[in-house]
Amino acid sequence: MAGTTKQALPPDADLPVTGERLGVDVHCQILADFMRERVTATYDAFKTYVAMVSTLIGGSVALRLQFPDRAVERYAYAADAVAILMWLVVMIAIVDNYRSWWMLRIRYSEVAGMDDKGARIVPRPRFFGSARVQSMMLVIATATLILFMLFNPLRGAAPDQIQQNLTVPA
């Protein structure tokens, strides 16, 4: 999704190298930068989804208001297909970014090592503790898809018919 690419370290940085391997601090810094990029990519994917769904809903409402007859109903299935495609793309993006973050965090935990007491300096990720935000993004995206498909403005009665139904006879 739309995001900025950041360089893990400046090109002129003095890298503490031991032999031909990176030092632990540099390795941890690189992993932390990659994890930060995965989190940013997840938020960017969700923000893009929200913008696209808002545009789809707004366009559907505008079409319904501009053409109140039943002619726009044929576009309801196309709008549903676009909504499903957007949902599928955001689901894949969020799940894959989380998977990448998870694997980087496990590696980060291994590279950081253990303290004097034998406990990990950087704990391994816990699923329920680390996936709360991503889970809510997936729930919101799924609820948005279902609600759009149920209440698609391009489907159903035209606004003038709704207005007639709402008027109370004298």
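Evaluation of residue 64 against the conditions (1) surrounded by 14 or more Cβ atoms within 10 Å (Cβ to Cβ); (2) modelled with pLDDT of 95 or more shows that the sole unmet condition is (2).
Conditions (1) outside any helix (DSSP H, G or I); (2) buried (at least 16 other Cβ atoms within 10 Å of the Cβ); (3) without any contact (Cβ under 8 Å) to a residue 60 or more places away in the chain, marked per residue:
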site	(1), (2), (3)
90	no, yes, yes
98	no, yes, no
103	no, no, yes
111	no, yes, no
138	no, yes, yes
141	no, yes, no
148	no, yes, no
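Report whether or not residue 34 is in a helix (DSSP H, G or I) and modelled with pLDDT of 95 or more. Spelling it out, it is not the case that residue 34 is in a helix (DSSP H, G or I) and modelled with pLDDT of 95 or more. Candidates 26, 50, 72: the one that is open to solvent by less than 20 Å² (accessible area, probe 1.4 Å) and either outside any helix (DSSP H, G or I) or free of Cβ contacts under 8 Å to residues at least 24 places away in the same chain (or both) is 26. One residue alone among 122, 90 is closer than 26 Å to residue 44 by Cβ, modelled with pLDDT under 90 and touching a helix residue (DSSP H, G or I) at 6+ places or on another chain (Cβ under 6 Å), and that residue is 122. Give region 113-136 a look and list any residue that's of a type outside the set (Asp, Glu) and assigned to a loop (DSSP other than H, G, I, E, B), or say none. Answer for region 113-136, where residues must be of a type outside the set (Asp, Glu) and assigned to a loop (DSSP other than H, G, I, E, B): 113, 117, 118, 119, 121, 122, 123, 124, 125, 126, 131.
Taken together, the residues in region 58-70 that are over 10 Å from residue 154 (Cβ atoms) and of a type in the set (A, V, I, L, M) amount to 2.
The values are calculated or read from the model by the stated rules, or taken from the named source; none is laboratory data. Source: prediction; values computed, not measured. Counting neighbours? That spans all protein chains shown, and the Cβs are built from the backbone with ideal geometry, glycine included. Quick note on the areas: whole protein, heavy atoms, side chains included, nothing else; ligands and nucleic acids left out. Shrake-Rupley method; radii C 1.70, N 1.55, O 1.52, S 1.80 Å.
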